[in-house]
1. Run the numbers for residue 13 and residue 68: contour at 0.36 nm per residue of separation, minus the present Cα-Cα distance, in nm.
2. Quick check: residue separation of residue 38 and residue 94 times 0.36 nm, minus the Cα distance between them. What number comes out in nm?
3. Given the DSSP H assignment, sum -39500 (n - 2.57) over each helix run of at least 4 residues in the chain and divide by its residue total; what's the result at 222 nm in deg cm²/dmol, nearest 500?
4. Determine the relative contact order of the range 3-101: mean sequence separation of Cα pairs under 8 Å and six or more apart, normalised by residue count, in whole percent.
5. Relative to the longest principal axis of the C-alpha atoms of the chain, give the angle of the C-alpha long axis of helix 43-54, reported between 0 and 90° and rounded to the nearest 10°.
6. In degrees from 0 to 90, rounded to the nearest 10, what is the angle of the helix 56-71 Cα long axis to the longest principal axis of the chain?
7. Once Rh is set to the Kirkwood radius over Cα pairs, what Stokes-Einstein translational diffusion coefficient, in µm²/s, holds for the range 59-103 at a temperature of 37 °C and a viscosity of 0.692 mPa s?
8. With no solvent and one equal point scatterer placed on each C-alpha of the range 3-101, evaluate the Debye formula and give log10 I(q)/I(0) for q = 0.15, 0.20, 0.21, 0.24 Å⁻¹, two decimals.
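Please treat every number below as a calculation from the coordinates, not as lab data. The shown structure was predicted, so the numbers you read here are calculated from the model rather than taken from an experiment.
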């Protein structure tokens, strides 16, 4: 592997990580609804912006980084929640759906 390929991978990872930070920022704008545990957020807009601006592959990695950040306990989910067990919560389906939505 040459130096250009390593630099390109590092650049792609950096861009994808920056996208996950953008997604975490947009998820903080949420409106809780009394009849459902899923709030209205700007996350969906963020997912489609990432897919449109970064492409499907980097957008996918951005969303995956975002979900990993939430899994390790960072407060990235809607309303600043830190849910390490998000994948068994009532919003897990929405969060998992963000991955194929980038394609």
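1. Numbers: separation 55, 0.36 × 55 = 19.80 nm, distance 1.40 nm.
My answer for the length gained is 18.4 nm.
2. Details: separation 56, 0.36 × 56 = 20.16 nm, distance 0.85 nm.
Length gained, residue 38 through residue 94: 19.3 nm.
3. My calculation for the chain gives -20000 deg cm²/dmol from helical runs alone.
4. Numbers: 117 pairs, mean separation 27.9, N = 99.
With pairs under 8 Å counted, the relative contact order is 28 percent.
5. 10
6. Computed tilt is about 50 degrees.
7. Working: Rh = 10.5 Å.
D = 313 µm²/s.
8. After summing over all Cα pairs, the log10 values are -0.57, -0.95, -1.03, -1.28.
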